[in-house]
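Since the structure comes first, as structure tokens, the remarks are kept for the end.
Rule-based calculations on the coordinates, nothing more; no lab input. Since the model is a prediction, treat every value here as computed from it, not as a measurement. Heads up, the Cβs are rebuilt from the backbone with ideal geometry, glycines too, and the neighbour counts pull from every protein chain shown.
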Amino acid sequence: MHQPLIDRFEMFAADPAAEEFDAALLVNCAVDSAADLAEVRIRTGRLVESCTNIKAPWVYLRDAGFGGNPDASGVVVESRLDKLLETKRGLPISLGVLLIHVAKKLGHRAVGVNFPGHFLVRVGKQLVDPHLMKKTSEPDCLVKLGDMAGMGNHFAAASPDEVALRMLNNLKYQYASDGEWYRTLEMLDYQLALAPDHPHLYLERGQFWLRLGGVTAAREAFLQVLRLVPTGDLAELASSRLKDLEGQDEILH
């Protein structure tokens with residue numbers, strides 16, 4: 001299932017009509033290839049049909065019980081749309097994708113917002129915290145960043161590709177934290193299908209392969225970093241890693 005899903009992520013990245021909901025469905029497949037995505041579409045369609053424009057989309061979803069989980073069941077489960085529709089609990093980005101989808105179907109303009117550490121949604125001109133399904137504001141969000149508040153544009157719109165990358169990032173680091181290195185590398189493969197020229201991803205790939213003793217794969221990943229960025233800090237780091245691998249044998253775990 002791995003290579004066909006890589007191909008689907010590549011097609012998604014090449015499709016200018018792809019949406020955030022499509023990204024989340026692919027991520028759902030990345031977690032569980034047997035997930036019933038047709039049922040996800042049917043249940044989401046019913047959600048849209050039950051909503052009217054009398055309520056704002058986030059109010060409708062909040063009243064329907066959707067929101068963040070105070071007793072979080074874990075990143076992997078809460079990244080899945082199929083589980084979100086069952087439990088009505090998920091990560092901010094999963095809830096955000098659902099809000100974007102419902103809002104768009106109801107005729108609203110809606111985009112994700114790549115706020116650090118907490119995905120947000122903008123519906124029309126209103127900024128919404130999908131974890132609470134409540135309105136928020138840029139000043140209120142910036143207060144939570146402290147000294148980081150003045151560094152960069154924290155309210156940039158997230159493209160569907162960026163939504164997929166961020167969801168996969170959550171899964172990648174969770175699998176890494178659990179020591180599931182093959183699953184970690186699978187998430188990286190899907191990210192590289194979306195962003196094939198991203199040197200940081202290749203650097204991570206090399207480091208994760210080393211966790212498994214995959215010296216050959218790690219060496220190739222570090223060499224790819226140098227092909228993409230021949231100079232600079234990242235190139236120096238990759239060169240250092242390659243030097244450390246000199247004379248090492250393959251020991252796959």
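With a cut-off of 14 Å between beta carbons, the residues surrounding GLU86 carry a summed charge of +1, where Lys and Arg count +1 and Asp and Glu -1. Rounded to the nearest Å, what's the spacing between the alpha carbon centres of segment 72-108 and segment 46-63? Just the number, please. Result: 14 Å between the Cα centres. Put in line by how crowded their Cβ is, counting other Cβ atoms within 10 Å and starting with the fewest, TYR175, TYR190 read TYR175, TYR190.
Evaluating 6.51 cos²θ - 1.76 cosθ + 1.60 at θ = phi - 60° for every residue in segment 197-213, the Karplus couplings come out as 10, 9, x, 4, 5, 5, 4, 4, 4, x, 5, 6, 5, 4, 4, 9, x Hz, glycine and proline recorded as x. Among THR87, THR136, a tally of other beta-carbon atoms within 10 Å of each Cβ gives an order, fewest to most, of THR87, THR136. Under a Cβ-Cβ cut-off of 12 Å, what is the net charge of the residues other than SER137 that fall near it, where Lys and Arg count +1 and Asp and Glu count -1? Local net charge: +2. Here the Karplus relation 6.51 cos²θ - 1.76 cosθ + 1.60, evaluated at θ = phi - 60°, turns the backbone of segment 214-229 into coupling constants of x, 5, 5, 5, 5, 4, 5, 5, 5, 5, 5, 4, 5, 5, 7, 9 Hz, with x for every Gly and Pro. Amide hydrogen proximity for THR136: with H placed 1.01 Å from N in the peptide plane, the residues at 5 or more positions away or on another chain lying under 5 Å are LEU127, VAL128, ASP129. Using θ = phi - 60° in the Karplus curve 6.51 cos²θ - 1.76 cosθ + 1.60, the 3J(HN,Hα) couplings for segment 5-20 round to 6, 4, 4, 5, 5, 5, 5, 4, 5, 8, 9, x, 9, 5, 10, 4 Hz; x is entered for Gly and Pro.
If you run the Gaussian network model on the chain, springs between alpha carbon atoms under 10 Å, then out of SER33, SER50, SER79 the most flexible one is SER50. Around the amide H of VAL113, modelled in the peptide plane, lie the amide H atoms of LEU120, VAL121, ARG122, ALA158, all under 5 Å away and 5 or more residues distant in sequence or on another chain.
For the residue pairs LYS104/LYS125; LYS88/LYS125; LYS135/LYS172; LYS104/LYS172; LYS55/LYS125; LYS88/LYS134, the alpha carbons lie more than 18 Å apart in LYS88/LYS125; LYS135/LYS172; LYS104/LYS172. Judged by the gyration tensor of its Cα atoms, with axes a ≥ b ≥ c, segment 197-245 is prolate; a/c meets the 1.5 cut and a/b is the larger of a/b and b/c. Each Lys and Arg adds +1 at its Cβ and each Asp and Glu adds -1 at its Cβ; summed about the Cα centre, the chain shows a dipole of about 1080 debye. Take SER159, project a point 7 Å from its Cα along the Cβ direction, then tell me which residues of segment 7-33 have their backbone nitrogen under 17 Å from it. Within reach of a label on SER159, which here means backbone N under 17 Å from a point 7 Å along Cα→Cβ, segment 7-33 contributes 9-24. A dipole drawn for segment 34-166 from +1 and -1 charges on Cβ atoms has a positive end, and of VAL143, PRO160, HIS118 the residue lying farthest that way is PRO160. With a ≥ b ≥ c taken as the square roots of the eigenvalues of the C-alpha gyration tensor of segment 162-253, please select rounded if a/c is under 1.5 and otherwise prolate if a/b is larger than b/c or oblate if it is not? Verdict is oblate for segment 162-253.
Sites count as exposed loop sites when they are GluC sites (Glu not before Pro), lie in a DSSP loop, and have at most 13 other Cβ atoms within 10 angstrom; the longest stretch of the chain without one is 1-245.
Please say if the chain is rounded, prolate or oblate, where rounded means a/c under 1.5 for a ≥ b ≥ c the square roots of the C-alpha gyration tensor eigenvalues, and otherwise the choice is prolate for a/b larger than b/c and oblate otherwise?
Cα axes put the chain in the prolate bin.
Quick one: net charge around ALA35, please, counting Lys, Arg +1 and Asp, Glu -1 for every other residue with C-beta under 10 Å from its C-beta. With Lys, Arg at +1 and Asp, Glu at -1, the net is -2. The loop-placed trypsin sites (Lys or Arg not before Pro) in segment 1-105, going by DSSP, that have at most 16 neighbouring Cβ atoms within 10 Å of their Cβ come out as LYS55, LYS88. Remark: segment 197-245 carries a charge dipole of roughly 180 debye about the Cα centre, counting +1 on each Lys and Arg Cβ and -1 on each Asp and Glu Cβ.
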